[in-house]
Every structure is written in C-alpha cells, then in structure tokens.
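To keep things clear, I will list the structure first and then write my remarks on it.
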Amino acid sequence: MPSYAFFQKKFIPLSEAKIGVMTHFIHYGIAIFEGIRGNWNSKQKQIYLFRVKEHYERLQSGCRVLRISLPYTVDELCQITVELVRKCGFQEDVYVRPVAYKSSQALGVRLHDLEEDFLAFVIPWGPYLDMDKARCGVSSWRRPKEAPQAKITGLYCINALAKTEAVENGFDEAIMLTPDGYVSEGSGENIFLVINGKLVTPASYNNILMGITRDTVIKLAKNELGIETIERSIDRGELYTAKECFLTGTAANITPVAEIDRRKLGNGEIGEITGKLQKIYSEVIRGNNPKYLDWCTPVY
Ligand code: PMP
C-alpha cells in the first residue's frame, strides 16, 4: 500500500515528495518536527490519532522559537493529518512525521528572510524500541544547556550521538544527563522511576522535552491507579536504586527498563506499576477507554 505525503500544499505519493539540495533547513537544522501515532483498533477497524491537537500545539510553539510562521492553524493541521492518514488506508499502527521548515533554496546561517513550509508523511511503524524490556546506559553526552524546549531537528544531533554510543556499548537506549549532572531523558523518550510507590520524573527545568506521553502517564497514574508523580531533579545514583523504571514517548509508548549501567532494577522483570500503566495506556491510545476518547481522533 503506498504512503502519501502532504508536501507543498498537496497530497502526493511519498515517493514523489522530494526536496532540493539547497533547501535551507537541511544545512542548519532549522526545522521543528513532531511524531504523532495513529493506533489501529482491529475490532473497530479504526485508526485513532492520539492527542494530535497537543502535538500541533507543541509544533506551533516550536515554530515561534525558530520564527517559522505557518499558514495553517492547529485545527487545519489536525484536519490535514486526518486526511493524509485516511488517504494511506493502512490497517495497522502508523506514525505521522510532520515537519515545519525553512524552505528557501538559500544558504547562510540565520532565521530571518527565509520562506517556510510544512510537510507531513505517514509510515506504518510498530514499537520503536522493539524489545519488551530495555537495557540503558548513562551517556557521556549531556543535554545542551541553552537549548530551547522545542523539537528542533538540529538539536537531535546530540541525541543521535548518545544513542549510537549506547548501542555500541551494548545497550538499547541512552539516558542523558543535564549539564549539571542530573537525569534528563532518553534520546527520544522521557524517563520515569518508581521510588517509594510514587512516580518520579525529571522536571521541566531538567532540560527535557515536555513529552505528551509523559503528560498522559502522569494523568493516567493519578486517575486510574491513584499514584502521584513527583517532578524533580534526579541524581544519577537514584537510577540504580529505583524499584522500577520506564521510558515514555510517542514512538516508544511505555517501554520498561530492566537494567541501567549493568545494574538490574528490582528483579530485572517488568515492574508491577510499569506493567499496569502499559496495559491502561495501550487501551487508552486505541480508543478502548471511553473516559479518554477526547484524546483520540478517528480517521476512518
Ligand atoms: N524526549 C525526546 C528527546 C523526544 O524526542 C521525545 C519524542 N518526541 C520525547 C522526549 C517524548 O515526547 P512525546 O511523548 O511527546 O513523544
């Protein structure tokens, strides 16, 4: 089944969406991207886009940072996305990649005096970390100190360095620290620990991306399990002594962490709270929990 892209204001086959070699954002990483999941519900023969509005609100605020003014409102971006996913017709989990970028065929490091555009495409994509439990290593790469809190493509260079270092050291994922040595996040995920029966996660001031899955997990833990989340700075040592740990992200969903820096967490199996949250989350994102249907946009 062919994938489609929304490119230069038109829906076209993905294979035909091509960018010129002089396009500004390729050279300097000046673009904001998003990742949005469409989750297949096989009983209902339906794909639900999860919290699509929140993804485009985050894209729009990133665009303000990079001085990209898009000719679309958040509602229009949501509509474009529904139409794009519908056009592809997939009957499986999909991933939407929107990008707002400096589109001029021009060189020169700057944000100003450049044209801008928006593209999006859809691909079928299963779990990002394709193991039931991840083994993580603390990275020698730290989150940059003054980076704006936005999904800026150029900033992902550091994350890629961290990820490859981790994989080459025999881990599945990296955990990056803040410039002053506190726990920050994975290369494409936020991180949660279970300490004394509560969830603990780095706070907004710990150089994290404010994840939409992170927010979802905080709300589900409170509403469904009565578990509070504490947002605070986390010492590296707490990673080794936590009862449970998991990563959250649109691509990674909730991925349990079994081991950090070759130290097993708990008994090295999926923790009790992590397992419960995974189950609740997977029902919610597939539109199977009526309480959270506001977060789910049907495509078909
Ligand atoms: N941190 C980073 C660095 C990420 O790339 C992502 C994925 N977007 C996240 C956290 C998780 O964010 P979200 O739950 O909104 O996907």
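The values are calculated or read from the model by the stated rules, or taken from the named source; none is laboratory data. These numbers come from a predicted model, not from an experiment. Heads up, the Cβs are rebuilt from the backbone with ideal geometry, glycines too, and the neighbour counts pull from every protein chain shown. Ligands, DNA and RNA are stripped out before the accessible areas are found, and what is left, the full protein with its side chains, is counted by its heavy atoms. Shrake-Rupley method; radii C 1.70, N 1.55, O 1.52, S 1.80 Å.
What the table shows:
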{"item": "Candidate set: the stretch 188-197, residues that are within 15 Å of the ligand (Cβ to nearest atom) and touching a helix residue (DSSP H, G or I) at 6+ places or on another chain (Cβ under 7 Å); chosen: the one most open to solvent (accessible area, probe 1.4 Å)", "result": "GLY188"}
{"item": "Every pair of residues 6+ apart whose Cβ atoms lie under 6 Å, when the first sits in the stretch 263-288 and is on the phi < 0 side of the Ramachandran plot while the second is of a type in the set (A, V, I, L, M, F, W, C) and in a helix (DSSP H, G or I)", "result": "ILE280/LEU220"}
{"item": "Contacts under 7 angstrom Cβ, first residue in the stretch 231-253 being free of Cβ contacts under 8 Å to residues at least 60 places away in the same chain, partner within 16 Å of the ligand (Cβ to nearest atom) and open to solvent by 20 Å² or more (accessible area, probe 1.4 Å), 6 or more apart", "result": "SER233/TYR182; ILE234/TYR182; ASP235/TYR182"}
{"item": "Residue that is under 28 Å from ASP172 (Cβ atoms), of a type in the set (Lys, Arg) and open to solvent by 20 Å² or more (accessible area, probe 1.4 Å), where the choices are ARG58, ARG37", "result": "ARG58"}
{"item": "Failed item, numbered, when LYS163 is tested on (1) modelled with pLDDT under 95; (2) open to solvent by less than 50 Å² (accessible area, probe 1.4 Å)", "result": "(1)"}
{"item": "Any hit, the stretch 244-253, residues being open to solvent by 10 Å² or more (accessible area, probe 1.4 Å), assigned to a strand (DSSP E or B) and within 11 Å of the ligand (Cβ to nearest atom)", "result": "yes"}
{"item": "Residue within the stretch 255-262 that is among the polar types (S, T, N, Q) and part of a strand (DSSP E or B) present", "result": "yes"}
{"item": "Residue check, ASN207 within 16 Å of the ligand (Cβ to nearest atom) and touching an Asp or Glu at 6+ places or on another chain (Cβ under 9 Å)", "result": "yes"}
{"item": "Complete set of residues in the stretch 25-46 that are of a type in the set (A, V, I, L, M) and in a strand (DSSP E or B)", "result": "ALA31, ILE32, ILE36"}
{"item": "Extreme residue, surrounded by the most Cβ atoms within 10 Å (Cβ to Cβ), among residues of the stretch 172-187 that are acidic (Asp, Glu) and not in a strand (DSSP E or B)", "result": "ASP172"}
{"item": "ALA120, sole failed condition from (1) open to solvent by 10 Å² or more (accessible area, probe 1.4 Å); (2) outside the structural domain of PHE246 (by TED's automatic domain parsing); (3) assigned to a strand (DSSP E or B)", "result": "(1)"}
{"item": "The stretch 127-152 residues that are in contact (Cβ under 8 Å) with a residue 12 or more places away in the chain and of a type outside the set (A, V, I, L, M, F, W, C), paired with ones that are open to solvent by 90 Å² or more (accessible area, probe 1.4 Å) and outside any strand (DSSP E or B) (beta carbon under 9 Å, 6 or more apart)", "result": "LYS133/GLU269; ARG135/ARG262; GLY137/ARG262; ARG142/ASP180; LYS145/ASP180"}
{"item": "Which numbered condition SER140 fails, given (1) out of contact with any Asp or Glu (no Cβ under 7 Å at 6 or more places or on another chain); (2) away from the ligand (no atom under 11 Å from the Cβ); (3) modelled with pLDDT of 95 or more", "result": "(1)"}
